[in-house]
């Protein structure tokens, strides 16, 4: 039996990497959780064919390797170990290529430009700093302490690019951001190496300000593609990297259904989840489980304003997760802050059902205000929030199939 490839770390949670390696090269890929006292025996053992190395072992593995690539030696850390034909072990760093690919995606020539690297003295930050220096940029490392901190960023308001190499904004602490973009009037792009959620807090702010932003999923796939080349000797072209990135993004992001009360979001969500092999969560049911009372009863007892605050608290928890089908309440669009909670890691689909088919039964706000008045208040926001609008079909199954047909190509369900 062929030995597997895999990722080496101490505590490994959910990872996108097995799906990436299957998509790129059909490799059998596993997680290797190893304690520090067992690291040498693992590296010198024969339980694996090739491994990617993550924290805390990117430097710790070096004494057990026979040689390093030039870039790994330059950076002083390894994220890929390959078995050479003669059995020797070679350490490489494909994060360099991965981050270079992110810079390419911005389309900006950074030569001679000031680039702020948040967390620039860390492992990932030091790689970004080296890539930027090699491209002729003027990278500035920003940290909580040191020469340049978050307290004196005003001196760098002329920066062309900001790169986030910190974990701030990563799941589940999302959509947090390490700093605001306020005052960076010359900013041309934002790069965030975080890949979960798809749009971090700093990326959402960039989007709101009309500044191009790119997230870390492309870097993750690109560094894996170069690792595949090291493992197999077969090249991976840039188009395949882009295709796998897009498919993985579509697979891991939630699908959030919005629309008028009674538009069928729950039934369609259930059928769509069955079609895609995903978990379905009805936001109203989630609310009841969390607060021990149904939405209608909560509104009657506490009022609509209190309900909307509690609904947002639920959405903050749901919106940060991945790979869900979320059926939202009809009034989710009444609070602007809910948009970023959904948009950070979801493709938003509006179900458009004729108003004449909508019922107000069991819906106190619809009964109070009337369906047509609610539509006048909310329809423009539904349309503005939606990435895709789907007209309701004759039944929930057909509507769910229509939604699926309009979604981007996804990787097979893992």
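The values are calculated or read from the model by the stated rules, or taken from the named source; none is laboratory data. All figures in this text were calculated on a predicted structure; none of them were measured in a lab. Glycine also receives a Cβ, built like all others from the backbone with ideal geometry; neighbour counts cover every protein chain displayed.
Observations, loosely collected:
- Check on residue 181, buried (at least 16 other Cβ atoms within 10 Å of the Cβ), free of Cβ contacts under 8 Å to residues at least 40 places away in the same chain, in a loop (DSSP other than H, G, I, E, B) and outside the structural domain of residue 71 (by TED's automatic domain parsing): yes
- Helices (runs of 4 or more DSSP H) wholly inside the stretch 61-137 containing at least 3 residues that are in contact (Cβ under 8 Å) with a residue 12 or more places away in the chain and within 22 Å of residue 178 (Cβ to Cβ): 95-106, 123-134
- Among all residues of the stretch 257-272, there is none that is assigned by TED's automatic domain parsing to the domain that holds residue 102, in a helix (DSSP H, G or I) and in contact (Cβ under 8 Å) with a residue 24 or more places away in the chain.
- Residue count, the stretch 250-277 (criterion: surrounded by 20 or more Cβ atoms within 10 Å (Cβ to Cβ), under 16 Å from residue 408 (Cα atoms) and touching a strand residue (DSSP E or B) at 6+ places or on another chain (Cβ under 9 Å)): 6
- Qualifying residue in the stretch 299-309 (condition: under 30 Å from residue 23 (Cβ atoms), more than 25 Å from the chain's Cα centre (by Cα) and either surrounded by 16 or more Cβ atoms within 10 Å (Cβ to Cβ) or at pLDDT 95 or above (or both)): no
- Residues of the stretch 26-43 satisfying the condition of being in contact with a helix residue (DSSP H, G or I) (Cβ under 6 Å, 6 or more places away or on another chain) and in a helix (DSSP H, G or I): 40, 43
- In the stretch 123-142 there is at least one residue that is on the phi > 0 side of the Ramachandran plot, surrounded by fewer than 19 Cβ atoms within 10 Å (Cβ to Cβ) and at pLDDT 95 or above.
- Residue in the stretch 145-152 that is touching a residue at least 24 places away in the same chain (Cβ under 8 Å), in contact with a strand residue (DSSP E or B) (Cβ under 9 Å, 6 or more places away or on another chain) and under 30 Å from residue 7 (Cβ atoms) present: no
- Residue 315 assigned to a helix (DSSP H, G or I) and surrounded by 17 or more Cβ atoms within 10 Å (Cβ to Cβ): yes
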